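Everything below concerns the one structure shown next.
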Amino acid sequence: FRHGEPSDVIVSTPNGPVHFGEGHPVVLIAGPCSVENEEMIVETAKRVKAAGAKFLRGGAYKPRTSPYAFQGHGESALNLLAAARAATGLGIVTEIMDTADLDAVAGVADIVQIGARNMQNFALLKKVGAQDKPILLKRGMSATIDEWLMAAEYLLAAGNPNVILCERGIRTFDAKYARNTLDLSVIPVLRSLTHLPITIDPSHGTGKSEYVPPMALGAIAAGTDALMIEVHPNPAKALSDGPQSLTFDSFDSLVREMAVIGKAV
Ligand code: PEP
Ligand code: MN
């Protein structure tokens, strides 16, 4: 692994550069699980921007457990993300699943996301690591920290130094109340092992919207560099991950609580 002092990853967005790293405000990445239509993605972008988010997230290509579940709108959703980017200046974070889509995804994304299920898709890692956009690498749901860091090493070895790690919850023996076990202990552990910045995703980490604010605040207390939070205009009607998505109002109040603990975004 590459040891050393934590180093910033600086991501350019239409609104200016955003620093992921110590000494900078916690970066908020927010938006729906899936891009559903133009109205919802542009409205969400405006609302999360007003709250303080620097990036809009939204899936165009969705890794769904069931082949019959909504798979994402694909390339047309990328165009909608581009529209939301143009309307707000927010950076875009969206997932790549297939190397065949890399040019299209990297053409719109300011950060290319590699999802938990693809953390050890080495062919994908090599291709994404060889392009220039910064990369958000999610931890596989059953990956050890060493496996996660070796996956990051694939990206670095392919030539891309701008890698951000994202903890999104792991499988443990108890999944009765929370979808995953959000491993906040990775924050101090990773600080001792790597210079790469850290994002925490309490939405996939817990699977329930009411658990998201306490875990987001806990992640800030533990020193995360960024948070990725699912926000939807009408979670009950979301095409994916509605139960874990915050409403605009609950996202607003979470950001106010962050300011109270001294980490204004
Ligand atoms: C997502 O961010 O919508 C997603 C599918 O996340 P994960 O890969 O962590 O399950
Ligand atoms: Mn999701």
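Quick note: the coordinates plus some simple rules give every number you see, no bench work behind them. Here the structure is a predicted model, which is why all the values come from computation and not from measurement. Positions of Cβ are generated from backbone atoms using ideal geometry, with glycine treated the same way; all protein chains shown enter the neighbour counts.
Quick notes
- Contact order relative to length of region 9-260, as percent, for alpha carbon pairs under 8 angstrom and 6 or more apart: 19 percent
- Residue exposure sequence - Glu39, Glu153 - by fewest surrounding Cβ within 10 Å: Glu39, Glu153
- Residue order for His24, His232, fewest other beta carbons within 10 angstrom first, comes to His24, His232.
- Distance distribution P(r), region 77-173, all Cα-Cα pairs, bin width 10 angstrom from 0: 17, 48, 27, 7, 0 percent.
- Packing-based order for 196-202, 60-66, 241-247, using average beta carbon neighbours within 10 Å, highest first: 196-202, 241-247, 60-66
- The Rg/Rh ratio of region 9-260, with Rg taken over Cα atoms and Rh as the Kirkwood radius over Cα pairs, comes to 0.92.
- Exposure proxy ranking, count of Cβ atoms within 10 Å, fewest first, for Cys33, Cys166: Cys33, Cys166
- When you work out D = kT/(6 pi eta Rh) for region 1-148 at 37 °C and 0.692 mPa s, using the Kirkwood radius from C-alpha pairs as Rh and the Stokes-Einstein form, the result is 206 µm²/s.
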